[in-house]
Amino acid sequence: MAWAALVTWVVTAGGGFVLLAQWLKNGGMRQGSEPGRRIRPPLILGHFALAAAGLVLWVIYLAADSDALAWIAFALLLVVATIGFTMFAIWLAQRRGATPAATAEGRFPVSIVGLHGLLAATTLVLVFLTAIGVGESS
């Protein structure tokens, strides 16, 4: 279970990195001071940084097999997921508007956003199951 969580986390991170690169390429950093509902730099960069920190913590957990590290990684992942849901809500509201491509995140490919979210949810469940001890060999 722990190794499956690592695999889904890495693949999720790959999708997130693609989305972040697209956001940066399309002027995401410049839209921080623009009016309207947009994904602001602190939100997306915080999401990325916390997700990366959690991934590093998960790798350390795999090496150390410490229950406390698993729970800390899970708690961190809950924060990352909350930020992710916030950004998803902003993105979705823009998609329902007249000109979603007017923002950096308006150019996100729907397939990558969907896959990123699905894999993130899967990762969250796998990390939780690992933290509660499902799949442990005694």
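In this structure, is Gly114 in contact (Cβ under 8 Å) with a residue 12 or more places away in the chain, closer than 24 Å to Ala53 by Cα and not in a loop (DSSP other than H, G, I, E, B)?
no
Within region 75-92, how many residues are open to solvent by less than 50 Å² (accessible area, probe 1.4 Å) and aromatic (Phe, Trp, Tyr)?
1
Could you grab me the full set of residues in region 94-111 that are open to solvent by 50 Å² or more (accessible area, probe 1.4 Å) and modelled with pLDDT of 90 or more? Outline the logic, then answer.
Restricting attention to region 94-111, the residues satisfying the condition of being open to solvent by 50 Å² or more (accessible area, probe 1.4 Å) are 95-96, 98-99, 101-102, 107, 110-111.
Selection gives Val110, Ser111.
Within region 57-74, how many residues turn out to be among the aliphatic types (A, V, I, L, M) and within 14 Å of the chain's Cα centre (by Cα)? First the steps, then the outcome.
Step one: of region 57-74, the residues among the aliphatic types (A, V, I, L, M) are 57, 59-60, 62-64, 68-70, 72-73.
Restricting the remaining residues to those that are within 14 Å of the chain's Cα centre (by Cα) gives 73.
Selection size over region 57-74: 1.
The values are calculated or read from the model by the stated rules, or taken from the named source; none is laboratory data. Since the structure is predicted, the reported quantities are computational estimates derived from the model, not experimental observations. In this analysis, Cβ positions are derived from the backbone assuming ideal geometry, glycine residues included, and neighbour counts consider all displayed protein chains. For the accessible areas, the whole protein counts, side chains as well, though only heavy atoms, and no ligand, DNA or RNA atoms are used. Shrake-Rupley method; radii C 1.70, N 1.55, O 1.52, S 1.80 Å.
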